[in-house]
1. Against the definition (hydrophobic (A, V, I, L, M, F, W, C), open to solvent by less than 10 Å² (accessible area, probe 1.4 Å) and touching a Phe, Trp or Tyr at 6+ places or on another chain (Cβ under 7 Å)), how does residue 47 come out, yes or no?
2. Could you list, ordered by first residue, the pairs with Cβ atoms under 6 Å in which the first is in the stretch 53-72 and more than 13 Å from residue 172 (Cβ to Cβ) and the second is in a loop (DSSP other than H, G, I, E, B) and open to solvent by 30 Å² or more (accessible area, probe 1.4 Å), at least 6 apart or interchain?
3. Given the criteria hydrophobic (A, V, I, L, M, F, W, C), over 15 Å from the mean Cα position of the chain (by Cα) and within 14 Å of the ligand (Cβ to nearest atom), does residue 160 qualify?
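The values are calculated or read from the model by the stated rules, or taken from the named source; none is laboratory data. Since the structure is predicted, the reported quantities are computational estimates derived from the model, not experimental observations. Note that we place each Cβ from the backbone using ideal geometry, even for glycine, and neighbour counts take in every protein chain shown. Surface accessibility is based on the protein's heavy atoms, side chains included, excluding ligands, DNA and RNA. Shrake-Rupley method; radii C 1.70, N 1.55, O 1.52, S 1.80 Å.
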Amino acid sequence: MRKKADILGIPIDNVTMEEAMAAVKKFLNEDKVHAIYTPNSEIMMAALQDNSLKETLKAGDLLVPDGAGVVLASKILGNELSERVPGFDLVNNIFKMSPEMKPSFFLLGAKPGVAEEAAVNIINRFPDVKIAGWHHGYFSENEENEIIEKINSSGADILLVALGAPKQEKWIHKNKGRFHKVKICIGIGGSLDVFAGKANLAPPFFREHSLEWLYRLYKEPRRFRRMLKIPRFLLIALYSRLSGKKYN
Ligand code: UDP
């Protein structure tokens, strides 16, 4: 049974990193495709305004709270999530458990050339990880059949989808029924850029204090408008708590 916290109508799994990893292991042993999403406040706010994104998230098999804002919203709503489970850390932990479970990965997304560089760096850091294939993330709908075929024939168990949110969540939702061997699809945002060394993680101080969003704003000031979604999301949570208004 999934333990979930209802955050404005979106059921976020109330899991620790350890429990999320246990779910990943379970999914790898089941004969079906599972979708893992890692919503932050921006995605949650976008889902409140876009019903198809909301339905996509609701259909996920595991939704972990990537951002501190989602955990804060859960506290405001009186539905406290136990901890933040950043998607990037989850993927690193899955790489670390590779010697035990031996899954193979397909990397889909980022600019041409980036997934290859990410693959090389991942294998250097985690020599037991098997990368079955990759494809960049700038493809048209006409090329989709070919890409799905490439993923299926690679034999990959885990598909890491780095198309940015909410494109990656919608892409997974639309296509997950077409995979033959993939057991898990995960939306990983800009993580391939980080693995490839094209983008940096926030320095430890910002990560330890859940201030990645502030560092990101400093590095990419053009994201300011998008980031206004974070306080709006928290204000809606506060309004819901104080007024008793329910979202579903
Ligand atoms: N991207 C892609 N195809 C697209 C749009 C974006 O592969 O059509 C990639 C982009 O190159 C980057 C990632 O998706 O690697 C998005 O990163 P961002 O950090 O903006 O995503 P977020 O973490 O905000 O979801």
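1. Here the answer is no, as residue 47 does not meet what is asked.
2. If the second residue must be in a loop (DSSP other than H, G, I, E, B) and open to solvent by 30 Å² or more (accessible area, probe 1.4 Å), the pairs left are 65/84; 66/40; 67/40; 68/84; 68/210; 71/84.
3. Working: hydrophobic (A, V, I, L, M, F, W, C): yes; over 15 Å from the mean Cα position of the chain (by Cα): no; within 14 Å of the ligand (Cβ to nearest atom): yes.
Answer is no for this residue.
Residue by residue, here is whether (1) modelled with pLDDT of 95 or more; (2) out of contact with any Lys or Arg (no Cβ under 6 Å at 6 or more places or on another chain); (3) in a strand (DSSP E or B) holds:
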| residue | (1), (2), (3) |
| --- | --- |
| 65 | yes, no, no |
| 73 | yes, yes, no |
| 85 | yes, yes, no |
| 92 | yes, yes, no |
| 100 | no, yes, no |
| 107 | yes, yes, yes |
